[in-house]
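Could you have a look at this structure, given as structure tokens, before my questions?
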Amino acid sequence: MKTGKIYLVSGLIGLSSAALVLALFGFVKEEKPTKVENDAYREVINEKYRIFALPVPEKLDFAGENVPLEDWDVVEKMDREMLVNAYWHSNTLLSIKRAKRWFPVIEPILKANGVPDDFKYLALIESGFTNVVSPAGASGFWQFLESTGKEFGLQINDEVDERYHVEKSTQAACEYLKKGYSQYQSWALSAASYNMGLAGPVKQLEKQRQDNYWDLLLNDETSRYLYRILALKEILNNADKYGFVLRPSDLYEPFNYKTVTVDSTIESLADFALENNVTYKELKLYNPWMRQSSLKNKEKKAYEIKIPVH
């Protein structure tokens, strides 16, 4: 019997490591593999298993501004984010899938406001295009704090929170980023200010006697911020180059919906959903800015509600 197992193992060396695992441990009945089986398995691993270092692109820009890759620190920070995002397979696959749904929503709003297209990746690294809430209470795709959201025109109360309204929060983000650019005359510093507050870069620029993002010594989060954006930009624009293989059918399609304008009270969103031939779940997923199960709308404000079209 032992001889038979050895013969089987030697015949499996040409298989993939995954196939070998199934073949070996589906066949072997002992609790632990034998030394011969382990040695054969290690041989396959040594032959087949490879993790490659990734070359940093020779030229990069953020929003049309050159990234100084002649600086070793810039290169190594970029190298870190390329490796983290290229080898964090599940997260990056989800980013690629979700980008198909949300980039077409965000891109025209950026363009209409004169904000560079690269900032769509800022929203992606902030939230992964999910309506997450940070420990500090920042919410939505663009991760606005309540005070900042209100400052830039978003309605936020117990009933309505427009930080979860993709179009309106993108418009608010554009206003923030344009204000940052008018202050710093640099989109990179404007992006940094999105992470550390509009006044944040000022203090560091003055303290360190510098005039750009790339030469600043910053806290770890802001120091990585632009490089994370650049890494996702590079990988999403060249997915197959970095080993991400997705069929068109694997990507998440944009929502298909019509809008209904409502300027009165909706006592029950569940009933409203049924009246419009959708489920309550669908209604809330398409309109996450509605935070309750009703819309009292005491101010009689006109709201555009998305109704899924099946």
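The values are calculated or read from the model by the stated rules, or taken from the named source; none is laboratory data. Quick caveat, the model's predicted, so the values are computed rather than measured. Neighbour counts are summed over all protein chains in view; Cβ atoms, including those assigned to glycine, are modelled from backbone coordinates with ideal geometry. Side chains are part of the model used for accessible areas, which takes the heavy atoms of the whole protein and leaves out ligands, DNA and RNA. Shrake-Rupley method; radii C 1.70, N 1.55, O 1.52, S 1.80 Å.
Could you look through the stretch 238-253, keep only residues that are among the charged types (D, E, K, R) and open to solvent by 60 Å² or more (accessible area, probe 1.4 Å), and pick out the one that is farthest from ASN85 (Cα to Cα)?
It comes out as GLU253.
Then there is this: So, in the stretch 116-147, of the ones that are assigned to a loop (DSSP other than H, G, I, E, B) and either charged (D, E, K, R) or more than 15 Å from the chain's Cα centre (by Cα) (or both), which residue ends up surrounded by the fewest Cβ atoms within 10 Å (Cβ to Cβ)?
Per the criteria, the residue is PRO135.
Yes or no, residue by residue, for (1) surrounded by fewer than 16 Cβ atoms within 10 Å (Cβ to Cβ); (2) in contact (Cβ under 8 Å) with a residue 40 or more places away in the chain:
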residue	(1), (2)
GLN171	no, yes
SER182	yes, no
SER193	no, no
PRO201	no, no
ASP211	yes, no
LEU216	no, no
THR222	no, no
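If you go through the stretch 39-76, how many residues are without any contact (Cβ under 8 Å) to a residue 60 or more places away in the chain and either within 30 Å of ALA188 (Cβ to Cβ) or not in a loop (DSSP other than H, G, I, E, B) (or both)?
Qualifying residue count, the stretch 39-76: 24.
Quick one: is MET1 modelled with pLDDT under 90 and either more than 24 Å from the chain's Cα centre (by Cα) or of a type outside the set (D, E, K, R) (or both)?
When the stated conditions are applied, MET1 passes them.
Shifting gears a bit: Considering only the stretch 254-276, I want to know if a residue exists there that is open to solvent by less than 70 Å² (accessible area, probe 1.4 Å) and within 24 Å of the chain's Cα centre (by Cα).
yes
Here are some conditions: (1) in contact with a Ser or Thr (Cβ under 7 Å, 6 or more places away or on another chain); (2) under 20 Å from THR130 (Cβ atoms); (3) of a type in the set (Val, Ile, Thr). ILE45 meets all but one. Which one does it not meet?
The failed condition is (2).
Follow-up. Out of the stretch 277-293, which residues are surrounded by 14 or more Cβ atoms within 10 Å (Cβ to Cβ) and in a helix (DSSP H, G or I)?
Answer for the stretch 277-293, where residues must be surrounded by 14 or more Cβ atoms within 10 Å (Cβ to Cβ) and in a helix (DSSP H, G or I): TYR280, GLU282, LEU283, LYS284, LEU285, TYR286.
Separate question: When you scan the stretch 148-161, how many residues do you find that are open to solvent by less than 10 Å² (accessible area, probe 1.4 Å) and in a helix (DSSP H, G or I)?
Of the residues in the stretch 148-161, 1 are open to solvent by less than 10 Å² (accessible area, probe 1.4 Å) and in a helix (DSSP H, G or I).
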